[in-house]
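> Dropping the structure in here first, questions after.
The values are calculated or read from the model by the stated rules, or taken from the named source; none is laboratory data. Predicted model, so just to flag it, every value in this text is computed and none were measured. Counting neighbours? That spans all protein chains shown, and the Cβs are built from the backbone with ideal geometry, glycine included.
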Amino acid sequence: MPEVDAEKCDNCRKCAHACEFSAIAAIGKAVVTFHDLCAGCGVCAYVCPTGAVEEVELRVGEVTSGHTDSGIDFHQGRLDVGHQRAGPVTTAVKRNIRQGCISILDAPPGTACPMQEAVDDSDFCILVTEPTPFGLANLREAADTSRRLGVPCGIIINRDRRTWDRIDRYAEQEGLEVLLRVPEEREIAEAYSRGETLADARPEWRDDLVAMYDRVAELVATQPSSTS
């Protein structure tokens, strides 16, 4: 978060003009910061010609880590109550990624900062949607965001009923691949409510999940900029 050294500040107002979140304002000869609005991007310190703006740490959440019995590392970012800036928490989670390992980042719905931070620098983005007008609208925004970040993406249709084909039409129109269809079944929903994975609740789905992983790996390998 920014702090301003009044002795170094020449009141040029560049920091206030550069901030897209109205988190820093020049009022008269004083510069006022609003930490609750700050996204922590650092642009104010970057544009300051005198070095008057300094970034200081402010706790907004925590990262906890653990391991599964099968040897999978797990890292969870938790935003503190009362804070809205989840982006820095996502960034902190990503610092735990080990080079050369397969890493899966789960982002919240939407296209806000947490989603963008999770997708940025990823090899591939899997967009999970549902066959509803609301799901399609969110899918359009998420796919557009992924493309703007330069990250290829594919689609999983959850609660698929095969009676609403607008997701498929959109995918065909945009050249996006439907990687998996999870049917709308009560048994699957009940398993989710118990905290069970699809593979545990329905072992016959394991081959489909492995096939999806292999397909994603194939798509990543064909990307010109891929480093995987």
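> Output the residues belonging to the range 199-223 that are surrounded by fewer than 12 Cβ atoms within 10 Å (Cβ to Cβ) and more than 20 Å from CYS125 (Cβ to Cβ).
Selection gives PRO203, GLU204, ASP207.
> On to the next question. Within the range 192-207, work out how many residues are within 14 Å of LEU180 (Cα to Cα) and under 25 Å from the mean Cα position of the chain (by Cα).
2
> Then there is this: Given the conditions (1) at pLDDT below 90; (2) under 15 Å from HIS17 (Cβ atoms); (3) loosely packed, with under 12 Cβ neighbours inside 10 Å, report the number of the one that CYS41 does not fulfil.
(3)
Table: residues versus (1) within 30 Å of ASN11 (Cβ to Cβ); (2) of a type outside the set (A, V, I, L, M, F, W, C).
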| position | (1), (2) |
| --- | --- |
| ALA39 | yes, no |
| GLU54 | yes, yes |
| HIS67 | no, yes |
| PHE74 | no, no |
| ILE104 | no, no |
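> Which of the residues belonging to the range 134-156 are free of Cβ contacts under 8 Å to residues at least 24 places away in the same chain and not charged (D, E, K, R)?
PHE134, ALA137
> Something else about it: Filter the range 129-169 for residues that are basic (Lys, Arg) and within 20 Å of GLN223 (Cα to Cα); which is surrounded by the most Cβ atoms within 10 Å (Cβ to Cβ)?
By that ranking, first place goes to ARG147.
> Could you tell me how many of the residues in the range 84-110 are assigned to a loop (DSSP other than H, G, I, E, B), without any contact (Cβ under 8 Å) to a residue 40 or more places away in the chain and not acidic (Asp, Glu)?
As a first pass, look at the range 84-110 and keep what is assigned to a loop (DSSP other than H, G, I, E, B): 84-86, 95-110.
Within this subset, residues satisfying the condition of being without any contact (Cβ under 8 Å) to a residue 40 or more places away in the chain are 86, 95-110.
This time we only want the ones that are not acidic (Asp, Glu), so: 86, 95-105, 107-110.
Residues in the range 84-110 being assigned to a loop (DSSP other than H, G, I, E, B), without any contact (Cβ under 8 Å) to a residue 40 or more places away in the chain and not acidic (Asp, Glu): 16 in total.
> Restricting attention to the range 170-198, which residues are among the hydrophobic types (A, V, I, L, M, F, W, C) and surrounded by fewer than 15 Cβ atoms within 10 Å (Cβ to Cβ)? First the steps, then the outcome.
Start the filter on the range 170-198 by keeping residues that are among the hydrophobic types (A, V, I, L, M, F, W, C), which leaves 171, 176, 178-180, 182, 188-189, 191, 198.
Across the range 170-198, the qualifying residue is only ALA189.
> Every residue in the range 44-66 that is in contact with a strand residue (DSSP E or B) (Cβ under 8 Å, 6 or more places away or on another chain) and either crowded, with 17+ Cβ neighbours inside 10 Å or at pLDDT 90 or above (or both), please.
First, pick out the residues of the range 44-66 that are in contact with a strand residue (DSSP E or B) (Cβ under 8 Å, 6 or more places away or on another chain): 44-45, 52-56, 60-66.
CYS44, ALA45, ALA52, VAL53, GLU54, VAL60, GLY61, GLU62, VAL63, THR64, SER65, GLY66, listed by residue number.
> Sticking with this structure for a sec: Looking at the range 91-110, can you tell me whether even one residue there is among the hydrophobic types (A, V, I, L, M, F, W, C), surrounded by 10 or more Cβ atoms within 10 Å (Cβ to Cβ) and either more than 24 Å from SER146 (Cα to Cα) or in contact with a Pro (Cβ under 7 Å, 6 or more places away or on another chain) (or both)?
The answer is yes, given that some residue of the range 91-110 is among the hydrophobic types (A, V, I, L, M, F, W, C), surrounded by 10 or more Cβ atoms within 10 Å (Cβ to Cβ) and either more than 24 Å from SER146 (Cα to Cα) or in contact with a Pro (Cβ under 7 Å, 6 or more places away or on another chain) (or both).
> Restricting to the range 111-127, what's the tally of residues that are β-branched (Val, Ile, Thr) and either in a helix (DSSP H, G or I) or in contact with a Cys (Cβ under 9 Å, 6 or more places away or on another chain) (or both)? Lay out the reasoning, then the answer.
Step one: list which residues in the range 111-127 are β-branched (Val, Ile, Thr), which gives 111, 119, 126.
Checking the rest, the ones that are also either in a helix (DSSP H, G or I) or in contact with a Cys (Cβ under 9 Å, 6 or more places away or on another chain) (or both) come to 119, 126.
Residues that pass the stated criteria total 2.
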